[in-house]
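First comes the structure, then the notes that go with it.
The values are calculated or read from the model by the stated rules, or taken from the named source; none is laboratory data. Here the structure is a predicted model, which is why all the values come from computation and not from measurement. Methodologically, a virtual Cβ is constructed for each residue, glycine included, from the backbone with ideal geometry; neighbour enumeration extends over all protein chains shown. Accessible surface areas use protein heavy atoms only, side chains included; no ligands, DNA or RNA. Shrake-Rupley method; radii C 1.70, N 1.55, O 1.52, S 1.80 Å.
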Amino acid sequence: MEIWILTDNPNSWIVKYIPLLNSRLSKKHVVKHVFSLSELEAGDILCALSCETIIREKHLNLFKSTIVAHPSPLPKGKGWSPVAWQILEGKNRIPVTLIEAADKVDSGVIYYQDFMHLNGSELNDEIKLEQFRVTADLVEKYCDNYPVKGEIQSGEESFYRKFTKEDNRLNIKESIEDQFNLLRIADNERYPCWFEMNGQKFEIKIQKT
């Protein structure tokens with residue numbers, strides 16, 4: 001089958017892992033990776049990974065199936081930055097749900113679900129690597145077993161808002177322990193944690209020794 005991978009943000013965390021996914025999928029399929037909707041041509045399956053653009057009918061119709069991996073227990077946790085929000089909620093077992101793309105965001109039928117398993121000490125890069133591992137397993141499983149029967153989402157839905165730089169602000173009156181999960185999810189290079197004191201902003205970057 002012909003598999004297309006779309007990552008519409010060249011700076012997305014997942015881009016550096018796409019060659020690994022490509023290598024796995026290309027053992028059985030023809031794989032193409034693009035960075036914009038305008039580059040898409042007709043194929044069998046489109047894997048939209050870490051995409052910020054809503055894929056409309058014009059492009060969905062180019063493929064037999066378009067899949068999205070959303071890391072939440074859908075229909076709960078739709079929307080933005082679900083891994084970050086769940087870690088801030090204190091969760092270490094985070095589901096990744098593989099769904100069919102639909103006009104209404106994160107509302108498509110569910111094909112598969114698996115879990116990220118964290119121990120509470122992982123930093124951003126390690127969290128993203130675990131997210132990729134689970135995502136890649138689900139994508140490969142779907143492509144190798146296509147067509148797969150999906151199940152309609154059921155239950156009460158909820159939404160996360162987009163994580164912003166303001167959300168990375170540390171409270172200087174709280175302990176490191178109380179804010180450790182916020183430090184864990186911060187991207188040291190793009191979105192480091194920060195605080196303000198005496199009219200000046202400061203950044204804090206964390207790494208393991």
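Residues in the stretch 8-28 that are of a type in the set (Ser, Thr, Tyr) and surrounded by fewer than 14 Cβ atoms within 10 Å (Cβ to Cβ) were compared, and the one that is nearest to ILE127 (Cα to Cα) is SER23. Checking GLU140, GLU126 one by one, the residue that is in contact with a helix residue (DSSP H, G or I) (Cβ under 7 Å, 6 or more places away or on another chain), charged (D, E, K, R) and open to solvent by 30 Å² or more (accessible area, probe 1.4 Å) is GLU140 and no other. Any idea which of GLN131, GLN113 is in contact with a helix residue (DSSP H, G or I) (Cβ under 9 Å, 6 or more places away or on another chain), touching a residue at least 12 places away in the same chain (Cβ under 8 Å), under 30 Å from HIS29 (Cβ atoms) and assigned to a helix (DSSP H, G or I)? Of GLN131, GLN113, the one residue that is in contact with a helix residue (DSSP H, G or I) (Cβ under 9 Å, 6 or more places away or on another chain), touching a residue at least 12 places away in the same chain (Cβ under 8 Å), under 30 Å from HIS29 (Cβ atoms) and assigned to a helix (DSSP H, G or I) is GLN131.
Among the residues that make up the stretch 142-153, is at least one of them under 25 Å from LEU118 (Cβ atoms) and in a helix (DSSP H, G or I)? Checked against the condition, which is being under 25 Å from LEU118 (Cβ atoms) and in a helix (DSSP H, G or I), the stretch 142-153 yields at least one hit.
Checking the structure you have, find out if any residue of the stretch 10-29 is among the hydrophobic types (A, V, I, L, M, F, W, C) and closer than 26 Å to GLU157 by Cβ. Scanning the stretch 10-29, I find at least one residue that is among the hydrophobic types (A, V, I, L, M, F, W, C) and closer than 26 Å to GLU157 by Cβ, so the answer is yes.
For the stretch 37-63, how many residues are outside any loop (DSSP other than H, G, I, E, B) and touching a residue at least 60 places away in the same chain (Cβ under 8 Å)? Adding up the residues that qualify gives 3. In the stretch 163-209, the residue that is farthest from LEU123 (Cα to Cα) out of those that are among the hydroxyl-bearing types (Ser, Thr, Tyr) and surrounded by 10 or more Cβ atoms within 10 Å (Cβ to Cβ) is THR164. For the structure I just gave you, tell me whether VAL83 is out of contact with any Gly (no Cβ under 7 Å at 6 or more places or on another chain), under 30 Å from ILE176 (Cα atoms) and part of a helix (DSSP H, G or I). So VAL83 fits the description; yes.
Note down all Cβ pairs under 8 Å where the first residue falls in the stretch 177-196 and is farther than 12 Å from GLN207 by Cβ and assigned to a strand (DSSP E or B), the second is open to solvent by less than 20 Å² (accessible area, probe 1.4 Å) and modelled with pLDDT under 95, and they're at least six residues apart or on different chains. If the second residue must be open to solvent by less than 20 Å² (accessible area, probe 1.4 Å) and modelled with pLDDT under 95, no pairs are left.
Within the stretch 69-105, being within 22 Å of LEU46 (Cβ to Cβ), in contact (Cβ under 8 Å) with a residue 12 or more places away in the chain, among the charged types (D, E, K, R) and open to solvent by 20 Å² or more (accessible area, probe 1.4 Å) holds for GLU100, ASP103.
Taking the criterion of being open to solvent by less than 30 Å² (accessible area, probe 1.4 Å) and out of contact with any Lys or Arg (no Cβ under 7 Å at 6 or more places or on another chain), the residues of the stretch 35-58 that qualify are LEU40, GLY43, LEU46, CYS47, ALA48, LEU49, ILE55. Taking the stretch 44-58 as the range and being under 20 Å from ILE14 (Cβ atoms) and modelled with pLDDT under 95 as the test, the residues that pass are SER50, CYS51, GLU52, THR53, ILE54, ILE55.
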